[in-house]
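Engineer: Here it is: the structure, laid out below.
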Amino acid sequence: MLEVQIYKKLAEFDLDVSFQVHDNISGLMGASGSGKSMTLKCIAGIETPDQGRIVLNDRVLFDSEKKINVPIQKRNVGYMFQSYALFPNMDVYENISVGLRARKVNDVDIVVRKVMKQFQISELASRYPKQLSGGQRQRVALARLMAYEPDVLLLDEPFSALDEDLKEDLLRELKSELQISKPVVFVSHNEEEVSELCDFKYKIKLGEIV
Amino acid sequence: MSAQGSNLDLTPIWISLKTASITIVITFILGLLAAWWIYSRKSEALKMVFDGIFTLPMVLPPTVAGFFLLMIFGVNQPIGKFFMSAFGIRIAFSFSATVIAAVVISFPLMYRNARGAFDQVDTDLVYAARTLGMSEWNIFLKVLIPNALPGIISGGVLAFARGLGEFGATAMLAGNIIGKTRTLPVAVYSEVMSGDMESAAFYVWVIIGICFTAVILLNLYQLYVRKKRSF
């Protein structure tokens, strides 16, 4: 379970949200610039809230009062970026293995091959991100973070970089891949995507949940 | 030291190539690390101050940089004295002085190009690398450098050419000792001063040849990168 309580002063408004995500897919919906991406970045540790508390499965990731701020590397969150952030200088295999090596996972090769098989990207192993379609990139990005079994999945507008006609299939695919009994936070400005994918939804407006 | 047939002194070519080669290795590493250090700072004020310090040798007259180097490494200055008494090494007016002068003067070119190249790398890549668990050093080596490579390489080539052409600070700190600290640019100056334009012209063409080759190689590399990226 993920418990989030964040206060952060931003240039345009104050971000002030608190919500809980059980082991389901929760949507965080709002217009662009409403603070939803910032919320995800705070959970991941990319940004630091001014005040608040973030707890993941009884593990305190951030607590402004107790001065706890676990570094990003140690939070074990899976973050899917809007642009997927695949490393352009590495092929698919390296993109997935580089994080596992950094985490000193045993049998990196076996884990990578297993996860590539699971996400049906085995034949793309030696391709570079530039040589992949949008849908393939999304699958590689998901495989890359699922490989190290994160405790929470944070998806930041994962469909905004895709063509409309691809979206529906991928949405269904993603939904089946996300049946993982872990908290998943899905951020989007698109109501349809959120209703299709999510068990719960929060609407966020100018930094507050409405 | 005259240009009369076989009397032409070739040692400046050797000294310059040796200086420039050692210099570019040191400058390349220092410039990259400095750029990375600045890139990783959060405080804008701190960035601005240190960026100013790192860039100073590029905008100051080289003689001014040379003056400060003499104040540091001169035989009667604290650091110069320390090297003398501890290791028996005299820095000023030795070969190492040509390297120190060239490193200081060429460093800003490397630093600025590398920093500019790091700033161009998509920050999401760095964030992604962190969420994947990669250490900052690992990110520097495997994400930042490879994705900033064209800018880093061009900084390196420019710094190499600048180090090869260094005159002012070299003359101040290393002097003009034939066979020891007389580099190509210093040799050009000396020959002109002694009225031997023929020898000066020879050294001039050698410098032009080396620098032009370096820049052409850089352009070829960048052409290759552009082609590779556009599939």
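Engineer: Could you tell me whether A:Gln51 is among the polar types (S, T, N, Q), more than 14 Å from every other protein chain (Cβ to nearest Cβ) and surrounded by fewer than 23 Cβ atoms within 10 Å (Cβ to Cβ)? Quick ask: steps written out before the conclusion?
Structural biologist: Working: among the polar types (S, T, N, Q): yes; more than 14 Å from every other protein chain (Cβ to nearest Cβ): yes; surrounded by fewer than 23 Cβ atoms within 10 Å (Cβ to Cβ): yes.
Criteria met by A:Gln51.
Engineer: Report, by residue number, each residue of the stretch A:47-75 that is in a loop (DSSP other than H, G, I, E, B) and out of contact with any helix residue (DSSP H, G or I) (no Cβ under 9 Å at 6 or more places or on another chain). Spell out how you get there, then give the answer.
Structural biologist: Kept after step one, since they are in a loop (DSSP other than H, G, I, E, B), are these residues of the stretch A:47-75: A:47-50, A:57-58, A:64-67, A:70-71.
If the condition is that a residue be in a loop (DSSP other than H, G, I, E, B) and out of contact with any helix residue (DSSP H, G or I) (no Cβ under 9 Å at 6 or more places or on another chain), then A:Asp50, A:Asn57, A:Asp58, A:Ser64, A:Glu65, A:Lys66, A:Lys67, A:Val70 are the ones that fit.
Engineer: Do the conditions hold for B:Ser154, that is, is it of a type in the set (S, T, N, Q) and without any contact (Cβ under 8 Å) to a residue 12 or more places away in the chain?
Structural biologist: For B:Ser154, the condition - of a type in the set (S, T, N, Q) and without any contact (Cβ under 8 Å) to a residue 12 or more places away in the chain - is not met.
Engineer: With (1) away from chain A (no Cβ under 14 Å); (2) under 20 Å from the mean Cα position of the chain (by Cα); (3) open to solvent by less than 50 Å² (accessible area, probe 1.4 Å) as the list, and B:Ile72 as the residue in question, which single condition is left unmet?
Structural biologist: So the condition that B:Ile72 fails would be (3).
Engineer: Is it the case that the stretch B:155-167 has a residue that's more than 16 Å from the chain's Cα centre (by Cα) and not aliphatic (A, V, I, L, M)?
Structural biologist: Here is the first cut: in the stretch B:155-167, the residues more than 16 Å from the chain's Cα centre (by Cα) are none.
Checking the stretch B:155-167: not a single residue is more than 16 Å from the chain's Cα centre (by Cα) and not aliphatic (A, V, I, L, M).
Engineer: Considering only the stretch B:181-231, state which residues are of a type in the set (Lys, Arg) and within 14 Å of another protein chain (Cβ to nearest Cβ).
Structural biologist: Narrowing the stretch B:181-231 to residues of a type in the set (Lys, Arg): B:182, B:226-229.
Selection gives B:Arg226, B:Lys227, B:Lys228, B:Arg229.
Engineer: Right, another one. Scan the helices (runs of 4 or more DSSP H) fully inside the stretch B:54-171 and keep the ones with 2 or more residues being farther than 30 Å from A:Arg103 by Cβ.
Structural biologist: Those helices (runs of 4 or more DSSP H) span B:62-73, B:78-87, B:95-120, B:149-164.
Engineer: Can you tell me which residue in the stretch B:200-227 is farthest from B:Arg182 (Cα to Cα), limited to those that are more than 21 Å from the chain's Cα centre (by Cα) and at pLDDT below 95?
Structural biologist: Among them, the one singled out is B:Lys227.
Engineer: May I pose another question? Scan the stretch B:119-164 residue by residue and report those that are small (Gly, Ala, Ser) and either open to solvent by 30 Å² or more (accessible area, probe 1.4 Å) or within 13 Å of another protein chain (Cβ to nearest Cβ) (or both).
Structural biologist: Residues satisfying the conditions are B:Ala128, B:Ala129, B:Gly133, B:Ser135, B:Ala148.
Engineer: For the condition away from chain A (no Cβ under 14 Å) and more than 22 Å from B:Ile29 (Cβ to Cβ), what is the one hit in B:Phe82, B:Phe107, B:Phe95?
Structural biologist: Numbers: B:Phe107 fails: more than 22 Å from B:Ile29 (Cβ to Cβ); B:Phe95 fails: more than 22 Å from B:Ile29 (Cβ to Cβ).
None of the other options fit; the residue is B:Phe82.
Engineer: Now for a separate question. When you go through (1) more than 24 Å from A:Gly99 (Cα to Cα); (2) touching a helix residue (DSSP H, G or I) at 6+ places or on another chain (Cβ under 7 Å); (3) open to solvent by 20 Å² or more (accessible area, probe 1.4 Å) one by one for A:Leu171, which number turns out not to apply?
Structural biologist: With respect to (1) more than 24 Å from A:Gly99 (Cα to Cα); (2) touching a helix residue (DSSP H, G or I) at 6+ places or on another chain (Cβ under 7 Å); (3) open to solvent by 20 Å² or more (accessible area, probe 1.4 Å), A:Leu171 is out only on (3).
Engineer: Pick out, from the stretch A:84-163, the helices (runs of 4 or more DSSP H) lying fully within it that include 3 or more residues that are facing chain B (nearest Cβ under 10 Å), under 17 Å from the mean Cα position of the chain (by Cα) and touching a residue at least 24 places away in the same chain (Cβ under 8 Å). Break it down into steps so the answer makes sense when it comes.
Structural biologist: Details: elements: A:92-102, A:108-118, A:134-146.
By residue number, A:92-102, A:134-146.
Engineer: List pairs: first residue in the stretch A:187-201 and at positive phi, second residue outside any helix (DSSP H, G or I) and surrounded by 16 or more Cβ atoms within 10 Å (Cβ to Cβ) anywhere in the structure, Cβ distance under 8 angstrom, at least six positions apart or on different chains.
Structural biologist: Close Cβ pairs satisfying both conditions: none exist.
Engineer: Further, regarding this structure: Looking only at the stretch A:120-137, decide whether some residue is out of contact with any strand residue (DSSP E or B) (no Cβ under 6 Å at 6 or more places or on another chain), open to solvent by less than 80 Å² (accessible area, probe 1.4 Å), at pLDDT below 95 and under 30 Å from A:Asp58 (Cβ atoms).
Structural biologist: For the stretch A:120-137, residues out of contact with any strand residue (DSSP E or B) (no Cβ under 6 Å at 6 or more places or on another chain), open to solvent by less than 80 Å² (accessible area, probe 1.4 Å), at pLDDT below 95 and under 30 Å from A:Asp58 (Cβ atoms): absent.
Engineer: Out of the residues in the stretch A:52-72 that are free of Cβ contacts under 8 Å to residues at least 24 places away in the same chain and either of a type in the set (Val, Ile, Thr) or in contact with a Lys or Arg (Cβ under 9 Å, 6 or more places away or on another chain) (or both), which is nearest to A:Ala141 (Cα to Cα)?
Structural biologist: Among those residues, the one meeting the criterion is A:Leu61.
Engineer: Which condition from (1) outside any loop (DSSP other than H, G, I, E, B); (2) under 27 Å from A:Lys205 (Cα atoms); (3) not β-branched (Val, Ile, Thr) is the one that A:Glu12 breaks?
Structural biologist: Among (1) outside any loop (DSSP other than H, G, I, E, B); (2) under 27 Å from A:Lys205 (Cα atoms); (3) not β-branched (Val, Ile, Thr), A:Glu12 violates only (1).
Engineer: Of (1) in contact with a strand residue (DSSP E or B) (Cβ under 7 Å, 6 or more places away or on another chain); (2) open to solvent by less than 50 Å² (accessible area, probe 1.4 Å), A:Ile46 satisfies all except one. Which?
Structural biologist: (1)
Engineer: Here are the criteria: (1) surrounded by fewer than 16 Cβ atoms within 10 Å (Cβ to Cβ); (2) outside any loop (DSSP other than H, G, I, E, B). Tell me which single one A:Ile204 does not satisfy.
Structural biologist: Unmet condition: (1).
Engineer: Filter the stretch A:174-196 for residues that are under 17 Å from the mean Cα position of the chain (by Cα) and acidic (Asp, Glu); which is least open to solvent (accessible area, probe 1.4 Å)?
Structural biologist: Applying the first criterion (under 17 Å from the mean Cα position of the chain (by Cα)) to the stretch A:174-196 yields A:174-190, A:193-194.
This time we only want the ones that are acidic (Asp, Glu), so: A:177, A:193.
Values: A:Glu177: 43, A:Glu193: 11 Å².
This residue is A:Glu193.
Engineer: Quick check on the stretch B:4-16. Is at least one of its residues part of a loop (DSSP other than H, G, I, E, B), open to solvent by less than 30 Å² (accessible area, probe 1.4 Å) and of a type outside the set (Val, Ile, Thr)? Steps first, please.
Structural biologist: Filtering the stretch B:4-16 down to residues part of a loop (DSSP other than H, G, I, E, B) leaves B:4, B:8-10.
From the residues that got through so far, the ones that are open to solvent by less than 30 Å² (accessible area, probe 1.4 Å) too are B:9.
Restricting the remaining residues to those that are of a type outside the set (Val, Ile, Thr) gives B:9.
Yes: one or more hits.
The values are calculated or read from the model by the stated rules, or taken from the named source; none is laboratory data. Because the structure is predicted, anything quoted here is derived from the model rather than measured. Virtual Cβ from ideal backbone geometry, glycine too; neighbours counted across all protein chains shown. All accessible areas refer to the heavy atoms of the entire protein, side chains included, with ligands and DNA or RNA removed. Shrake-Rupley method; radii C 1.70, N 1.55, O 1.52, S 1.80 Å.
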